[in-house]
Amino acid sequence: MKRSEWMEVLAAHGQEHVLRWWDELDEAGRRKLSEQIARVDWSLLDLAAGHRVLPKGQIAPIDGLDLDEIARRREQFLRTGKEAIAQGKVAAVLLAGGQGTRLGSDAPKGTFDLGITHPLYIFEQLIRNLQDVVAQCGAFVPLYIMTSEENDAATRAFFAEHDDFGYPADHIAFFCQEMAPAVGFDGKLLMSAKDSLALSPNGNGGWYASLVRAGLAQDAARRGVEWFNVFAVDNVLQRMADPVFVGATIASGRATGAKFVRKAYPEERVGVLCLEDGKPGVIEYYELTPEMANLRDDCGRLVYACGVTLNYLFRADVLQKIADDRLPVHVAKKKIACLNEAGELVHPERENGCKFETLILDMIRCAGSCLPFEVEREREFAPIKNRTGVDSVDTARALLEKNGVKL
Ligand code: UTP
């Protein structure tokens with residue numbers, strides 16, 4: 001399309017300023033900007049105007065499988081899970097499209113080296129954990145790795161450079177998630193360059209839609225995959241395609257499963273599994289009232305205690321329905337680098353706009369049923385969000401060593 005046609009599209013949404021530097025752009029720049037404009041989801045922008053919080057339903061505590069019950073039924077779950085994995089019914093999806101801003105590195109988070117005496121990359125540790133399952137079940141688990149436009153090339157190059165850490169190439173595939181535009185508080189699209197909107201990854205809730213777009217959901221179907229185990233890049237003690245978890249979820253007859261740790265203290269910043277209007281869901285830590293966060297049962301245990309570890313199982317047949325239904329969009333106020341009136345890039349010191357994300361935790365509610373499955377914090381939960389302090393490189397290193405990993 002020509003400038004005048006793009007102008008018409010933009011004018012319909014009050015965004016004519018996007019073409020302010022059009023005349024200065026070369027052919028490649030114009031093409032780039034045109035492609036970005038064509039992909040804007042305009043329905044998102046209305047949300048920015050009022051920074052609306054999504055209404056929550058009636059929240060109540062949820063029951064799940066606790067460690068004791070899992071231990072009691074372990075053999076049965078293990079048998080069921082191993083069989084499903086050996087038959088190729090379980091795939092793993094590694095969410096690695098995030099920006100990892102809190103860790104403060106421009107490189108993909110999974111390339112971070114945790115080693116002390118020798119290199120040990122986050123990706124490497126995750127592949128090792130998956131290899132344990134391969135050894136236990138005698139079958140490779142297809143691994144789909146989600147990246148974003150920002151880190152796709154670097155992630156692929158890193159895996160290639162390290163020969164996929166020994167995982168067979170025909171069982172690994174990469175796919176790229178979509179980007180979403182950011183807006184200022186006035187609802188105007190922000191620009192990161194004269195030929196580019198300020199874009200950021202659209203959240204981890206879009207993983208299935210992006211998997212489909214990349215043709216990989218079809219690949220999984222061809223392989224006979226019936227379950228997707230989706231997990232975050234940053235938990236290095238993560239047990240993925242864990243046969244006991246798989247077996248327990250299959251045995252429960254539910255459409256999803258969620259690994260949780262018992263919250264360590266009321267204010268811990270983890271999402272919490274609960275019932276929302278009677279349906280299983282996940283509530284963000286900032287959505288729990290202080291009363292709910294501190295509520296205890298007769299034995300003194302926290303009532304809202306099932307902290308999600310971002311390790312979910314989804315039965316394949318519910319995923320298309322969830323993707324079709326559209327997840328709620330979360331609007332987050334952020335500091336967003338953008339061009340000023342003079343066309344210079346500025347890095348604001350305070351929040352200056354909003355980013356839009358869909359979140360995987362909302363998929364649980366959309367699925368309609370979920371098995372909360374408890375795991376031991378010390379053995380399965382070492383998230384790396386920050387460089388130091390809580391949930392950091394330091395705490396993850398200590399937990400890895402505690403679990404016998406040489407650093
Ligand atoms: P986080 O919520 O921790 O976000 O992601 P982040 O972007 O990695 O880190 P910060 O907040 O900027 O410091 C949880 C998981 O979801 C993935 C991340 O890669 C991580 O595995 N994720 C997040 C995506 O794959 N895409 C996204 O758009 C956002």
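The values are calculated or read from the model by the stated rules, or taken from the named source; none is laboratory data. Fair warning: this is a prediction, and the values are worked out from it, not measured in the lab. Because the Cβ atoms are built from the backbone with ideal geometry, glycine has one as well, and the counts that use them run over all protein chains shown. Note: accessible area is taken over every heavy atom of the protein model, side chains too, but ligands, DNA and RNA are not part of it. Shrake-Rupley method; radii C 1.70, N 1.55, O 1.52, S 1.80 Å.
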Checklist outcome for this item: Those residues of the range 234-279 which are free of Cβ contacts under 8 Å to residues at least 40 places away in the same chain and surrounded by 24 or more Cβ atoms within 10 Å (Cβ to Cβ) amount to VAL272
Checklist entry - Inside the range 268-297, can you point out the residues that are more than 29 Å from ASP242 (Cα to Cα) and in a loop (DSSP other than H, G, I, E, B)? => result ASP277, LEU288, THR289, LEU295, ASP297
Next on the checklist: One residue is enough: does the range 393-401 have a residue meeting the conditions buried (at least 19 other Cβ atoms within 10 Å of the Cβ) and either part of a strand (DSSP E or B) or of a type in the set (Asp, Glu) (or both)?
Outcome noted: no
Checklist outcome for this item: Scanning the range 337-368 residue by residue, those of a type in the set (A, V, I, L, M, F, W, C), within 30 Å of ASN311 (Cβ to Cβ) and away from the ligand (no atom under 16 Å from the Cβ) turn out to be CYS366, ALA367
Checklist entry - So LEU302 fits all but one of (1) farther than 27 Å from PRO266 by Cα; (2) surrounded by 17 or more Cβ atoms within 10 Å (Cβ to Cβ); (3) not hydroxyl-bearing (Ser, Thr, Tyr); what number is the exception? => result (1)
Checklist entry - If we scan the range 281-292, do we find a residue that is within 29 Å of ALA84 (Cβ to Cβ), of a type outside the set (Phe, Trp, Tyr) and either out of contact with any Ser or Thr (no Cβ under 8 Å at 6 or more places or on another chain) or surrounded by fewer than 22 Cβ atoms within 10 Å (Cβ to Cβ) (or both)? => result yes
Checklist outcome for this item: Pairs returned, first residue in the range 373-394 that is within 16 Å of the ligand (Cβ to nearest atom), second residue that is outside any helix (DSSP H, G or I) and of a type in the set (Phe, Trp, Tyr), beta-carbon separation under 9 angstrom, 6 or more apart or interchain, are ILE384/PHE112; VAL393/PHE112
Item to check | Residues satisfying the stated conditions in the range 43-79, i.e. among the hydrophobic types (A, V, I, L, M, F, W, C), open to solvent by 50 Å² or more (accessible area, probe 1.4 Å) and modelled with pLDDT under 90 | outcome: ALA49, VAL53, LEU54
Checklist entry - Which one is surrounded by the most Cβ atoms within 10 Å (Cβ to Cβ) among residues in the range 357-392 that are in contact with an Asp or Glu (Cβ under 6 Å, 6 or more places away or on another chain) and assigned to a loop (DSSP other than H, G, I, E, B)? => result ILE384
Checklist entry - Is there a residue in the range 331-349 that is open to solvent by less than 70 Å² (accessible area, probe 1.4 Å), under 30 Å from ALA193 (Cα atoms) and either touching a Cys at 6+ places or on another chain (Cβ under 6 Å) or basic (Lys, Arg) (or both)? => result yes
Next on the checklist: Tell me the residue from ASN151, ASN204 that is within 12 Å of the ligand (Cβ to nearest atom), in contact with a Leu (Cβ under 6 Å, 6 or more places away or on another chain) and not aromatic (Phe, Trp, Tyr), please.
Outcome noted: ASN204
Next on the checklist: Among the listed residues ALA169, ALA193, identify the single one that is within 30 Å of LEU114 (Cα to Cα), modelled with pLDDT of 95 or more and more than 10 Å from the ligand (Cβ to nearest atom).
Outcome noted: ALA169
Checklist entry - Picking from GLY104, GLY29, which residue would you name as being of a type in the set (Gly, Ala, Ser), surrounded by 13 or more Cβ atoms within 10 Å (Cβ to Cβ) and either modelled with pLDDT of 90 or more or closer than 28 Å to ARG377 by Cα (or both)? => result GLY29
Checklist entry - Tell me, which residue of the range 110-122 that is closer than 28 Å to LYS335 by Cβ and outside any loop (DSSP other than H, G, I, E, B) is nearest to the ligand (Cβ to nearest atom)? => result GLY110
Checklist entry - Do you know which of the residues in the range 224-280 that are aromatic (Phe, Trp, Tyr) and within 18 Å of the chain's Cα centre (by Cα) is farthest from the ligand (Cβ to nearest atom)? => result TRP227
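Residue by residue, here is whether (1) modelled with pLDDT of 90 or more; (2) closer than 23 Å to VAL141 by Cβ; (3) touching a Leu at 6+ places or on another chain (Cβ under 8 Å) holds:
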{"position": "TYR312", "(1), (2), (3)": "yes, yes, no"}
{"position": "ASP324", "(1), (2), (3)": "no, no, no"}
{"position": "ALA332", "(1), (2), (3)": "no, no, no"}
{"position": "ASN340", "(1), (2), (3)": "yes, no, no"}
{"position": "VAL346", "(1), (2), (3)": "yes, no, yes"}
{"position": "LEU371", "(1), (2), (3)": "yes, yes, yes"}
{"position": "ARG379", "(1), (2), (3)": "yes, yes, yes"}
{"position": "ASN403", "(1), (2), (3)": "yes, yes, yes"}
